[in-house]
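Colleague: Here you go, one structure.
Derivation of every value follows stated rules applied to the coordinates shown; laboratory data play no part. Being a predicted model, the structure only gives us computed values, none of them experimental. Methodologically, a virtual Cβ is constructed for each residue, glycine included, from the backbone with ideal geometry; neighbour enumeration extends over all protein chains shown.
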Amino acid sequence: MTGPLENRERMSRIGRLLVVGVSAALALTVAVAPVSAAPLSAKPTPTVAPTPTPGPLTQKVAADAAVATLAEQIMAAQAKIAAAQVVADAAQQQYTIQTALSAQAAAAAEAANKQRQQMQDLVDKQHVAVTEMVTSAYESGVKMPGAAIASLITAPDPQSLVTREDMRRRIQSDQADVLADYSQKLDALTAAQKAAADALAQQTAATAAAQQAVQDAQTAMALASTEKVNLDTALASAQAQAAAAAMALAQSQSSLTWLTPDQAKALNDQYRAQAAAAAALPIAPNPGHWTAEMGQSVANRALQWLGTPYAWNGGNVAGPTRGVAVDYDSRNDGNIIGFDCSGLVLYAWGPYLRLPHLAASQYLKAGSLHPAATDLLPGDLVFWSSSGGASGISHVAIYIGNGNVVQAPASGDVVKVSPLNGVESGYFGATRPLT
């Protein structure tokens, strides 16, 4: 069973005179014309199927999704580049400003050094003057011990003289003023020189930080640009794959297999006769896992109901049941005893496996092995998707061998045999139950 929307998609096929199927692009190697039913006694040898090759619709959906994902990533990369450019521009502007400030600080430091040198010259002169002053004071009668006079004359700088209070008291007041003036100038010189040095250190550090910020921003922009180049390359490849997938899908849909009414009748009559003969055969035993004999019994059980009307939500493990009218296309199904596609599967696999009455769930829950279309065995379940994904599965049929399936197509139709590549477009894959 499928939902109403999925059912309507399948029921849109009722207006066709013949069913259509998946193209050769699906890598199906089955014959496009109806083939004779295999003898019911034939028992295919079980094989381990490889990973299935996705059909054109699945490939196109995946390719389109890849293109969309890459396009979003490229937009994000472009935004990163733009943001990095803003940061880089701001960092460069700050670096330019900081370079100018550093130059100003260097000039100020140089000026401070010159002033210090000038003041140092003045200090030297004042040192000489103080020394002369002390000598003059002694000669003028100021009483000082010889050792004190010697210490004053040989003092390394005038500041040493100023700090000797006993000496200051022994010299004239005007001479003391000269020393005090020098002391103040020396303090100012020291403070100015330190302030200039501190300012230069700060500006030098700020300039280095600004330069590092520029480098970091340029690195970030380069990385973002490289990322975008790589994404552009990936997008070009994905677009080419999407174009190829679109072409494959178009070829698939333009090269559909058509059965004439006579071919369809002959194929179903052949299987109907074999189904009648198989009705007397016992079903294969259930070992709890897939066997080829079990798969053939499943195919035979489904073939017993050829010609039974389709009824939406119809069918269970016991056989056909009354359908349900859920929309305009299924408006008469409430008066019909029959099967829908997944209901036929419920009956066919009933002796071996309990499954949900929903095609998409049967794909996921029936078994873990998903054989390729070229490796199908009788009893395998085959699925079609309207979206190219498992969630879009809208139809299921039972493979019966020789490239044919038995299916309950849609409201207004009956259970019948069709070539696998003559069901509908959008082949998705297969599941081997009890694997």
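Colleague: Between residue 328 and residue 361, how high is the FRET efficiency from 1/(1 + (r/R0)^6) when r is the Cβ-Cβ distance and R₀ = 30 Å? Nearest 0.05.
Modeller: So the FRET efficiency works out to roughly 0.70.
Colleague: Cut-off 11 Å, label point 7 angstrom out along Cα-to-Cβ of residue 283: give me the residues of the stretch 321-350 whose amide nitrogen falls inside.
Modeller: 346-350
Colleague: Right, something else. For 322, 301, what's the fewest-to-most ordering of other Cβ within 10 Å of each Cβ? Don't skip to the end; give the middle numbers.
Modeller: Working: 322 13, 301 23.
Ranking 322, 301 by Cβ neighbours within 10 Å, fewest first, gives 322, 301.
Colleague: What is the distance in Å between the Cα centres of the stretch 411-435 and the stretch 280-331?
Modeller: The stretch 411-435 and the stretch 280-331 have Cα centres separated by 13 Å.
Colleague: Hey, fewest Cβ within 10 Å first, where do 221, 75, 294 land in order? Numbers along the way, then the final one.
Modeller: On the way: 221 20, 75 12, 294 24.
So the residues, fewest neighbours to most, are 75, 221, 294.
Colleague: Hey, fewest Cβ within 10 Å first, where do 72, 227, 424 land in order? Kindly include the intermediate steps, with their values, before the conclusion.
Modeller: Values: 72 11, 227 16, 424 24.
Listed from fewest to most nearby Cβ atoms, that is 72, 227, 424.
Colleague: Also: Please report, largest first and rounded to whole Å, the three semi-axes of the ellipsoid equivalent to the stretch 247-401, where each semi-axis is the square root of five times an eigenvalue of the C-alpha gyration tensor.
Modeller: Details: eigenvalues 106, 87, 73 Å².
Values for the stretch 247-401, descending: 23, 21, 19 Å.
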